[in-house]
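Please treat every number below as a calculation from the coordinates, not as lab data. Predicted model only: the values in this text are computed from it and were never measured. Here the Cβ is made from the backbone with ideal geometry for all residues, glycine too, and neighbour counts use every protein chain on show.
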Amino acid sequence: MEAERTERRLAAILAADVAGYSRLMNHDEEGTLQRLKAHLGELVEPHIAAHRGRIVKRTGDGLLVDFASAVEAVRCAVAIQAGMNDRNRGAPDEARIEFRIGINLGDVIIEDGDIFGDGVNIAARLEALAEPGGIFVSRAVRDSVRDKLGIELEDLGEKPVKNIARPVRVFRVGRANGGRRPAAPSVPDKPSIAVLPFANMSGDAEQEYFSDGISEDLITDLSKVQALFVIARNSSFTYKGRSVKVQEIGQELGVRFVLEGSIRKAGNRVRITAQLVDAQTGGHLWADRFDRELTDIFATQDEVVHKIVEALAVKLSRAEEQDLKKGGGTKNLEAYECWLRARQLLGRGTAESIAEARALHRRALELDPNFSAPHVGLAFAAVSDYVNAWVPDPGSALEEGERWARRALELDDRQPGGYVAMGNVRVWQRRYEEALAALQRSVELDPNYAQGHGVLGMALMYAGKHREALDALAVAMRLDPHYPNILLHLAAQAHFGLGDDELAAAHLAERIARNPNTDASRMLLAAAYGHLGRIDEAKAAWDGLMEVNPGFSMAQREGVLPYKDPRDFQRILDGLAKAGLP
């Protein structure tokens, strides 16, 4: 009888496990198991299926997966790590589950559905070498994916590994090329600062909005100082509730100084403690405590800002001195608190949260009709209604947004928020030059305004100025290193407009990993894959789009998306057509 032949084949093998799993289990066994199960079921396994991987075995805290393609294996790993980074954002250290991933391309033996051989062993050794959240690949994988994914592959040299005769050449997978979120941004020449969310010491979780609001106001005020470089709220707030050394924060955000503190609100009194720390040495430059009547909160914020500016040896111009006197603000504490709650809700971006934010903004204006900030918030809410078709007459929503933005500027034309609100409205009205003029003015008034640079990038992109758009978006991303996912989509649109479909697809895949419910990114990803000739992936992207939004309409998108040059939208249609999609 002829001996049964051993089945062998070439495969890309991905090995993954949880870094520090024993420590996490010792701290909270049930919670760790529950979180791991959620991450696997909601993120990891769907990505493996989407990239046509096969889970060979589960090992408690890890997985062994094989792929027919090294490109698909790496794409899957990048999507998983990007998604985990987003899911871990703001989680305390003891609740953060971080995967280490190793990928090898090699010959494997297949037996009873399992895989064996040096190809598997090397993948496991690479996984053990990887840092938490990292992806290490072999030279064979590097050679297979190089120049195909638009990602950085850092050569770490040859590493001796257990039970493998020869050292293994190891490469670390970085982020997509194109100037997006560097691992360690360089510190600017000017004084640079990150304001961490002040701790709520009131003993009442309901007061969280107040301490967050004071922190955001300090960021807003400091960012108006031309001589400073100030990190955006979105990135500063990723450290909320986490115990992280200021040196690490300074390195991650690329800043020299960190402001931290606490707020205790009780009755009609408020106590604010604040300290300015050198992120390189850990030494304190300035610290103080402010015990005030609650009605003095605005003057107290001004005082804190001036103390920080003095500690950093920065001289304010006359215009900056005037701008820091709370122009466009309110002295009505109840109106201010309504606005703080509304601002928090507006950022969530759902139909329900926008509706709640609108009601609170209107209440703030009932209490103080001359408070400019709620007008800005109402303008943004109106644009959200238009873009998402949340109202029966979307056109009237833009008219309403224009009225709110104009009123904000009438009340105070030195506040950048009014110009961003007007610029945002003008983009969707297809009044491109007016949009760009307003947005340029916003970043002149506040060069640290990450949202202003981001909306400017969007306006430039829709106006057909794709390379300029990428420059503006790069500034927004540097000011906000943990930037919101929408910037990935806007950068992808700009790259797509330039015909750089591979890089557009890389941005979109990362955005979808962070926000699986985005129909716009799935649409554009399908078109990019169509132009790249990756038909199966284009169809998979479109199937995913239909799952998250069965009522999606290309005709509605064509009517809403404000491309100045019709050829930009036509290129989307062409990509879908190449893939045989609607």
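Mind giving me the FRET efficiency for Arg430 and His27? R0 is 60 Å, r the Cβ-Cβ distance, nearest 0.05 is fine. Efficiency at R0 = 60 Å is approximately 0.65. Just so you know, the Rg over Rh for the range 485-582 is 0.92, from Cα atoms, with Rh as the Kirkwood radius. Subtracting the Cα-Cα distance from 0.36 nm times the residue separation, let me have the gained length for Ala266 to Asp296 in nm, one decimal. Stretched out fully, the Ala266 to Asp296 stretch lengthens by 9.4 nm.
Rounded if a/c is under 1.5, else prolate if a/b is larger than b/c, else oblate: which is the range 192-323, with a ≥ b ≥ c the root eigenvalues of its Cα gyration tensor?
Values: a/c = 1.73, a/b = 1.15, b/c = 1.51.
It is oblate, given that a/c is not under 1.5 and a/b is not larger than b/c.
For the pair Leu10 and Asp543, the difference between a 0.36 nm per residue extended length and the Cα-Cα distance amounts to 189.0 nm.
Expected output is a single nm value to one decimal: the length gained when fully extending between Phe569 and Asp288, i.e. 0.36 nm times separation in residues minus the C-alpha distance. What is it?
Numbers: separation 281, 0.36 × 281 = 101.16 nm, distance 5.50 nm.
That pair, Phe569 and Asp288, stretches by 95.7 nm at full extension.
In this simple spin-label model, placing a label point 7 Å from the Cα along the Cα-to-Cβ direction at both Lys37 and Arg348 gives a separation of 2.7 nm. When you restrict to C-alpha pairs under 8 Å that are six or more residues apart and normalise by the size of the chain, the relative contact order lands at 10 percent.
Cross-link partners of Lys539 among lysines, defined as those whose alpha carbon lies under 22 angstrom from its own and excluding same-chain residues fewer than eight positions apart: Lys148, Lys578. With semi-axes defined as the square roots of five times the eigenvalues of the C-alpha gyration tensor, the equivalent ellipsoid of the range 7-176 measures 25, 18, 16 Å, largest first.
This ranking places His482, His489, His361 by how few other beta-carbon atoms lie within 10 Å of each, fewest first, which gives His482, His489, His361. FRET efficiency for the pair Arg414 and Ile109, taken as 1/(1 + (r/R0)^6) with r the Cβ-Cβ distance and R0 = 51 Å, rounds to 0.10. Convex hull of alpha carbon positions in the range 359-406: directionally averaged projected area 3.1 nm². Put a plus charge on the Cβ of each Lys and Arg, a minus charge on the Cβ of each Asp and Glu, and nothing anywhere else: the dipole of the range 192-323 about its Cα centre is then about 280 debye. The loop-placed trypsin sites (Lys or Arg not before Pro) in the range 218-297, going by DSSP, that have at most 13 neighbouring Cβ atoms within 10 Å of their Cβ come out as Lys245.
Taking a 28 Å limit on the Cα-Cα distance, which of the listed pairs Lys307/Lys331; Lys245/Lys265; Lys240/Lys265; Lys190/Lys564; Lys240/Lys465 fall beyond it? Over 28 Å Cα-Cα: Lys190/Lys564; Lys240/Lys465.
In loop segments of the range 1-105 as defined by DSSP, the GluC sites (Glu not before Pro) with at most 10 further C-beta atoms inside 10 Å of their C-beta are Glu2, Glu4. Around the amide H of Ala232, modelled in the peptide plane, lie the amide H atoms of Asp480, all under 5 Å away and 5 or more residues distant in sequence or on another chain. For a straight C-alpha distance cut-off of 18 angstrom, the lysines reachable from Lys37 (same-chain residues fewer than eight places away being disregarded) are Lys57. Taken along its three principal axes, the alpha carbon spread of the chain comes to 94, 55, 42 Å, from the longest extent down to the shortest. Rounded to 0.05, the FRET efficiency of the Glu321 and Arg467 pair, given R0 = 35 Å and the Cβ-Cβ distance, is 0.40.
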